[in-house]
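S.K.: Provided herewith is a single structure, encoded as structure tokens, for subsequent inquiry.
Laboratory data are not the source of any read-out in this text; all were calculated from the coordinates shown. Treat the numbers as computed from the prediction; the structure is a model and nothing was measured. All Cβ positions, even for glycine, are placed from backbone atoms using ideal geometry, and neighbour counts span all protein chains on display.
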């Protein structure tokens, strides 16, 4: 029995090493494929963006997010969620973990969820609601500007909650040391949870003028349990931003991309800078710029995951460059990989475009994703994606409420690459 177990483990180790060696090849990810695991029909969570997805062991969790209303009172009017859904079969089917009232934390989107020591954490984010415009003259602008009867008012959160099962939750703090924010980034590195970046106040380019200016952060905080937070630095050397990816690789956290504003503001006029720089840090205080400009175009709302020690980046929002159509779908259709975050290679073959997209109109942003190595007891290195946004922020689009998704996709190698070894791994 011992010899059989040793032989099996040796075989799996050799297979993993062989796969890792192949991953060092530039074209390894060209052979990956995109499989739709769940098309969003049946008993499942509503289509949404700004959601979070995490896993504990073999259980997948979907939390929160927002979807545009079918009959909005004003542009951007949305439904926000505080529900939790579970899947025990890698996203093929879903069960609602919370009742009709949802989790005890307020409905929200553009927050962060982390897992540490068997706990699931929810941090920050925002909601919004349509209220009557308190200034029907819109400040008495001259010439008079179109003045909507309703405007959006948002709440930005800095509370932290945790749970072992997605059902029973404990509030770790109602008021963390970091200020309320959305589009923040978070990661677990070593013994610490880190929170950094994000923004507060609504983007006037989306909701219109009159509100407080949007503020972007480049501060960094850390905590062991989500209750007590320590400021590591007030101003990191990277530009303040939201919508950036923060991912762990080895002993470092890596910050990739993001934005300082989401869409162009015709009243300023200003189009936001998007970022494609990459920074790394061991402690959140001391940062090194890995590259000023990665191979992929600057973008927010994307995802980067680490698979076989390789960064895999895809998705995100892109601004239209067509002067005749400012709302033309322009999301990037590429997939990029890198071993060191300095030198980047674009994926071709069946590995791109993501989600088997026909064009920019099929590329999502503000979706959720995470890597998995074991699927149904087999070694099947994959990246799973969940939901996401397809809106172009056209205020005149009557079908905007349809442009969010609730599908589940798996980015993986074809089955002939895999061994048929069965195992009782916990998917970690």
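S.K.: Between residue 286 and residue 132, with labels modelled 7 Å along Cα→Cβ, what's the label distance in nm to one decimal, could you check?
M.R.: Result for the modelled spin labels: 5.9 nm.
S.K.: Right, next: In nm, give the distance between the simple-model label positions of residue 357 and residue 215, each being 7 Å from the Cα along the Cα-to-Cβ direction.
M.R.: Here the modelled spin labels are 3.4 nm apart.
S.K.: If you don't mind, another one. Arrange 37, 312 by Cβ neighbour counts within 10 Å, fewest through most, would you?
M.R.: Result, fewest neighbours first: 37, 312.
S.K.: Could you compute Rg(Cα) / (2.2 N^0.38 Å) for the range 309-428, with N its residue count?
M.R.: Against the compact-globule rule of thumb, the ratio is 1.25.
S.K.: Measure off 7 Å from each Cα along the Cα-to-Cβ vector at residue 69 and residue 41, then give the distance between these two points in nanometres to one decimal.
M.R.: Each label point lies 7 Å from its Cα, and together they span 3.0 nm.
S.K.: Rank the residues 314, 401 as a footprinting-exposure proxy: fewest other Cβ atoms within 10 Å of their Cβ go first. Don't skip to the answer; put the middle values down first.
M.R.: Working: 314 29, 401 18.
In order of increasing Cβ crowding within 10 Å: 401, 314.
S.K.: Given R₀ = 41 Å, what would the calculated FRET efficiency be for residue 27 paired with residue 153, taking r from the Cβ atoms and rounding to 0.05?
M.R.: FRET efficiency, residue 27 to residue 153: 0.25.
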